[in-house]
Amino acid sequence: MTTTPRWLDAEERRAWLAYVEFSTLLSDHLSRQLRRDAGMTHSDYILLAHLSSVPQATLTMSELAERLKITRSRLTHAATRLQEAGYLDRYEDPENRRSQLAALTAQGREFLERAAPGHVEAVRRAVFDVLTREQVRQFAEIGEAINAALHREEDAQGDQEALPWRRR
């Protein structure tokens, strides 16, 4: 049995194409800013920022992969780079020997303190300075609604191995 696709109408297509374009441009803009000003990729910066935002600046590698929505393999490569740079440490979890912890180092925290002002300014100029307060509220609500729907979809499918942070 074939079903007719639910094609996007003109307004939906306009919204989708605007999202695709701005997400690509914004990602490139923020990556260029961080490479130029801090010598780091946006994804590595976000990894360090996640660690800095939790108590003791430490997460299990599995928790970190889930927060970043990336495979454990990709996280391991990034963590190795950042460990070699002195920005994070990895060690065995004393409460679960099968788990490894990632911890932000003092050098990593100092790096973030130097890089964050320029990064926040780039985000502010590119996103928040061009939106009204109402649009910022709507932007947050839209993102939260889409995130919740995607989480529900993954839960309904029941294939937890399909989630990036569950894959190797």
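The values are calculated or read from the model by the stated rules, or taken from the named source; none is laboratory data. Computed from a predicted model, the values in this text were never measured in an experiment. Heads up, the Cβs are rebuilt from the backbone with ideal geometry, glycines too, and the neighbour counts pull from every protein chain shown.
Let's see how each residue does on (1) within 30 Å of Ala18 (Cβ to Cβ); (2) hydrophobic (A, V, I, L, M, F, W, C); (3) without any contact (Cβ under 8 Å) to a residue 24 or more places away in the chain:
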position	(1), (2), (3)
Leu47	yes, yes, no
Pro55	no, no, yes
Thr60	no, no, no
Asp93	no, no, no
Arg97	no, no, yes
Gln100	no, no, no
Ala106	no, yes, yes
Leu112	no, yes, no
Arg133	yes, no, yes
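From the list Tyr19, Tyr87, the lone residue that is within 20 Å of the chain's Cα centre (by Cα) and free of Cβ contacts under 8 Å to residues at least 12 places away in the same chain is Tyr19. Within segment 93-134, the set of residues being at pLDDT 95 or above, over 19 Å from Leu47 (Cα atoms) and exposed (fewer than 13 other Cβ atoms within 10 Å of the Cβ) comprises Arg124, Arg125, Asp129, Val130, Leu131, Thr132, Arg133, Glu134.
Could you please let me know if Arg35 is basic (Lys, Arg) and farther than 30 Å from Gly108 by Cβ? So Arg35 does not fit the description; no.
Anything in segment 30-60 that is over 14 Å from the mean Cα position of the chain (by Cα), surrounded by 17 or more Cβ atoms within 10 Å (Cβ to Cβ) and in a helix (DSSP H, G or I)? List them, or say none. Residues satisfying the conditions are Gln33, Leu34, Ala38, Ala57. Scanning segment 32-69 for residues that are among the polar types (S, T, N, Q), over 15 Å from Ala103 (Cα atoms) and modelled with pLDDT under 95 turns up Thr41, Ser43.
Under the condition of being closer than 28 Å to Ala57 by Cα and part of a helix (DSSP H, G or I), the residues counted in segment 126-140 number 2.
When segment 1-45 is filtered for residues that are within 28 Å of Thr71 (Cβ to Cβ) and hydroxyl-bearing (Ser, Thr, Tyr), the ones remaining, listed by number, are Tyr19, Ser23, Thr24, Ser27, Ser31, Thr41, Ser43, Tyr45.
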